[in-house]
Amino acid sequence: MAHRALQAWVDEVAGLTKPAAIQWCDGSESQSARINELLVAGGEFIRLDPAKHPNSFLARSDPRDVARVEDRTFICSRETADAGPTNNWQAPAEMHATLRTLLSGSMQGKTLYVVPYIMGPPGSPLSKVGVELTDSPYVVANLRIMTRMGSVALERLGDDGEFSKGIHSVCRLDPAERYISHFPDENLVISVNSNYGGNALLSKKCFALRLASVLARDEGWLAEHMLILCLTDPQGRKTYMTAAFPSACGKTNLAMLVPPQRYSDAGWKVETIGDDIAWLKFGADGRLYAINPEAGFFGVAPGTSYRTNPNAMFACRENTIFTNVALRSDQTVWWEGIGGPPPENLVDWRGEPWTLDSKTPAAHPNSRFTAPARQCPCISPEWEQPEGAPISAVIFGGRRSSVMPLVYQALSWQHGTYLGATMSSERTAAAAGKVGELRRDPMAMLPFCGYHMADYWRHWLEVGRRGGERMPGIFHVNWFRKDAAGAFFWPGFGESIRVLKWIAERCRGEGAAVETPIGWLPPPDALDISDLRIERTAVESLLRVDRAEWQAEVADRESWLARFGEKLPPELKAENDALRSRLQ
Ligand code: OXD
Ligand code: MN
C-alpha cells in the first residue's frame with residue numbers, strides 16, 4: 001500500500017480491535033460474489049429466486065437494531081457550542097476513551113474489511129474519498145452498491161490523498177452501548193453496536209452529511225439532504241432542481257416522478273440524479289452545481305409499488321439487498337403497500353410465519369432495499385457528469401394539513417434561507433411522538449447537520465452573498481393541505497409535475513406570480529389544472545394565505561428561532577419580523 005497514512009491507520013485500528021484477518025476490498029465482481037456467498041453460508045443472507053431477483057438477497061437485522069438512533073448519535077466537536085442545541089455532544093477525549101474500551105478486541109475471530117470508496121462520480125472535482133474499516137460483511141455488500149468502492153478509490157487517493165475515516169464494529173449489538181460518534185475535527189466517525197444502514201454505512205448520513213457539512217462550511221460549498229432531478233419540457237429545455245423534505249413527505253416519489261400521460265405525450269420528462277443527498281459547489285460560471293455523492297438507493301420498501309413508484313420497483317429487481325422485508329414462499333419479497341393482498345405462507349421480517357391475524361406488520365415499517373442507481377429506468381444520462389448539474393431551483397417542503405399553500409417562491413436567497421430554517425412537518429404514525437404535532441426540521445437536516453445549526457444558516461447566507469444573482473430560486477411546496485372533511489386537495493404523485501412546471505417557468509423569468517406577504521404565489525390560472533378532476537375553488541383553497549393562521553405561524557417560528565440564542569443570524573430574525581409586519 002503506497003498510502004502510508006492509510007496503512008498506518010489500518011494497522012493502528014487492527015492493533016486495537018485484533019481481527020483474525022484483514023481484507024482490502026477491491027470492488028471486483030469476484031470479491032463481491034465471495035462476500036455474498038460468505039453471508040449466505042453464515043445465514044445472514046437468504047438468496048432470492050435467481051430468475052425473479054437475480055443476484056439479490058434478503059437480510060434480517062437484530063430486532064433491536066432497525067433504524068437510525070438519534071439519541072445515540074453524537075457530534076464530538078471540541079466545544080459543546082460547536083455542536084449546538086439540536087445535536088448530542090460529548091467531549092472528544094471522553095468519547096474516544098469510551099469507544100477505545102468497546103473496540104478493544106471487538107474484531108477477534110473476525111475479518112476487518114478495509115473499504116475505500118469515492119463519494120461522487122470518479123472523475124469529478126466535487127467528489128471525495130472515504131475509507132470505512134468494518135467487521136461486517138453485510139456493510140461491505142451494501143457499500144458496494146451505495147458507493148464507488150475499491151481500487152477506483154485507492155487510485156484517486158494516490159500516495160497522500162485526503163480521506164474521511166470511518167470505523168465500524170458490530171460488537172454485541174448492545175443498544176445501551178450503541179454510539180454513532182462524529183469527530184469533525186478529525187474527519188472521523190466511529191460507530192459501534194449497530195449494523196443498521198444509517199448507523200453502519202458510514203458513507204451516507206455520517207460522512208456525506210454530518211462530516212461533509214463541516215467540510216462544506218470550511219471549503220465554501222453545501223452538503224445537503226436533498227434529491228436532485230431534471231425536468232425537461234416539450235421544447236427540450238432542462239431545469240435542474242434539488243429538494244429537501246423531512247421523512248414521509250414523498251421525497252423518493254418526487255425524485256422518480258412519472259408524468260401523467262398527457263404530459264409525457266407532450267414531451268415532458270422527469271429524470272433522477274439523486275434521491276437523498278446533494279453536494280453543491282460553485283462552478284467557474286458562478287452558478288451552483290450539484291452532484292449525487294451516492295451510487296445507490298437505500299429506499300424505504302413499505303408503500304413502494306408499481307403504482308406509487310414504478311421506477312423504484314424496477315431499480316430493485318436485481319443486484320439488490322432487501323433488509324427486514326417479508327419473504328414469500330417462492331423466494332421473492334413482500335411488504336405492506338406493494339399492491340394486492342398478502343400472499344399465503346408469508347414469513348415476516350423476523351423470520352416468523354405471518355398470517356392475516358398477526359398483530360404486527362409482515363415487513364418492518366423501516367425495511368429497505370439497497371439498489372444500484374444505474375438500474376433506475378428514469379436515472380438521468382447525466383447523473384455521473386463530473387461537473388454536476390447547474391441548479392436553478394431549491395425546493396423545501398413538508399407535510400402540513402393547513403396554513404402552507406401548494407407552492408410559493410421566496411423573495412430572495414435570504415428569505416429562502418429563512419423558509420428552510422423554519423420548515424416543518426406534521427408527525428405521521430410512522431414516527432415517534434404525537435400524530436399531527438408539528439416538528440421543525442430545518443432544511444430536513446435536523447438529524448444530519450454536523451455543527452451548530454445557527455452557524456449552518458449563517459453559512460447558507462454567506463454562500464448566497466457569494467453567488468448573488470446567480471443563486472437558484474428557492475421555493476416551498478406542500479402536497480398535503482386538507483379540506484374541512486380531512487381529504488387532500490392535491491392529488492400528488494405524478495400530477496405534482498404541474499407545480500414543477502410553474503417552478504421552471506419562474507426560474508426562466510416567465511410564469512405569472514402575485515406578491516403576497518409570504519412570497520410569490522401562482523395566481524390560480526398560472527397552474528395547469530386542465531384535465532385534472534379538481535374544482536377551481538379547491539385550487540383557490542390550495543393557494544390561500546390566511547392571515548390569522550400565518551400570524552400564529554410567525555409566533556411559533558419566533559420561539560423556534562429563539563432556541564438558537566446569540567448565534568442566530570440577525571437576518572433570520574429580521575425575516576420573521578418583516579413577515580409579521582407584512583401580515584398586518
Ligand atoms: C434516510 C433518512 O434513510 O433520511 O434517508 O432517514
Ligand atoms: Mn434521507
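Taken together, the values in this text are just the output of simple stated rules run on the coordinates, not laboratory data. Just so it is clear, the structure is predicted and the values come from calculations on it, not from any experiment. Cβ placement follows ideal geometry from the backbone for every residue including glycine, while neighbour counts extend to all protein chains displayed.
Return the whole-Å distance between the Cα centroid of region 463-513 and the Cα centroid of region 200-217. Centre-to-centre (Cα) distance: 28 Å. Between Glu515 and Glu12, the simple spin-label model (points 7 angstrom out along Cα→Cβ) gives 5.7 nm. Put a plus charge on the Cβ of each Lys and Arg, a minus charge on the Cβ of each Asp and Glu, and nothing anywhere else: the dipole of region 296-375 about its Cα centre is then about 320 debye.
Beyond 28 Å in Cα-Cα separation lie the following of the pairs Lys482/Lys573; Lys205/Lys281; Lys205/Lys501; Lys110/Lys204; Lys238/Lys573; Lys434/Lys482: Lys482/Lys573; Lys205/Lys501; Lys238/Lys573.
Maximal additional length on extending the Ala21-Lys482 stretch stands at 160.2 nm, based on 0.36 nm per residue less the C-alpha distance.
The trypsin sites (Lys or Arg not before Pro) found in region 463-565 that occupy coil by DSSP, while having at most 15 further C-beta atoms within 10 Å, are Arg508, Arg533, Arg544, Arg563. Here the spin labels are modelled as points 7 Å beyond Cα on the Cα-Cβ line, and at Leu356 and Ser530 they lie 4.6 nm apart.
Taken about its Cα centre, the chain carries a charge dipole of about 480 debye when Lys and Arg each add +1 at the Cβ and Asp and Glu each add -1 at the Cβ. Dipole of the chain (Lys/Arg Cβ +1, Asp/Glu Cβ -1, origin at the Cα centre): which of Ala41, Gly296, Ala248 lies farthest to the positive side? Going by the charge dipole, the pick is Ala248. If you bin all the Cα-Cα distances of region 352-463 at 5 Å, starting from zero, the percentages per bin are 2, 8, 12, 14, 14, 17, 16, 9, 4, 3, 1, 0. Using Cβ point charges alone (K and R +1, D and E -1), the dipole size of region 1-109 about the Cα centre works out to roughly 180 debye. Taking amide H as placed 1.01 Å from N in the peptide plane, Asp276 has its amide H under 5 Å from the amide H of Ile228, each at least 5 places away in sequence or on another chain.
A full extension of the chain between Ala552 and Val40 corresponds to an added length of 178.7 nm, given 0.36 nm per residue minus the alpha carbon distance.
At q = 0.05, 0.12 Å⁻¹ the log10 of I(q)/I(0) for the chain amounts to -0.21, -1.26, computed by Debye summation with a single uniform scatterer per C-alpha, solvent ignored.
Among the GluC sites (Glu not before Pro) within region 294-392, those in coil by DSSP and having at most 13 neighbouring Cβ atoms inside 10 Å are Glu344.
Counted by neighbouring Cβ atoms within 10 Å, the residues Tyr196, Tyr451 run from fewest to most as Tyr451, Tyr196. Each residue of region 367-375 was assigned a 3J(HN,Hα) from its phi angle through the Karplus curve 6.51 cos²θ - 1.76 cosθ + 1.60 (θ = phi - 60°); the sequence is 5, 9, 10, 10, 9, x, 4, 5, 7 Hz, with glycine and proline shown as x. The separation of region 378-424 from region 526-548, counted between C-alpha centres, amounts to 21 Å.
A convex hull fitted to the Cα coordinates of region 1-110 yields 180 cubic angstrom per residue. Spread over its residues, the convex hull of the C-alpha atoms of region 437-547 is 161 Å³ per residue. The residue list Ala512, Ala485, Val214 was ranked by how far each Cα lies along the charge dipole of the chain toward its positive end, using unit charges on Cβ atoms, and Ala485 comes out on top.
Whole-Hz Karplus values for region 523-538 come out as x, x, 6, 7, 8, 7, 10, 4, 6, 8, 7, 9, 6, 4, 5, 5 Hz, taken residue by residue from phi with 6.51 cos²θ - 1.76 cosθ + 1.60 and θ = phi - 60°; glycine and proline positions read x.
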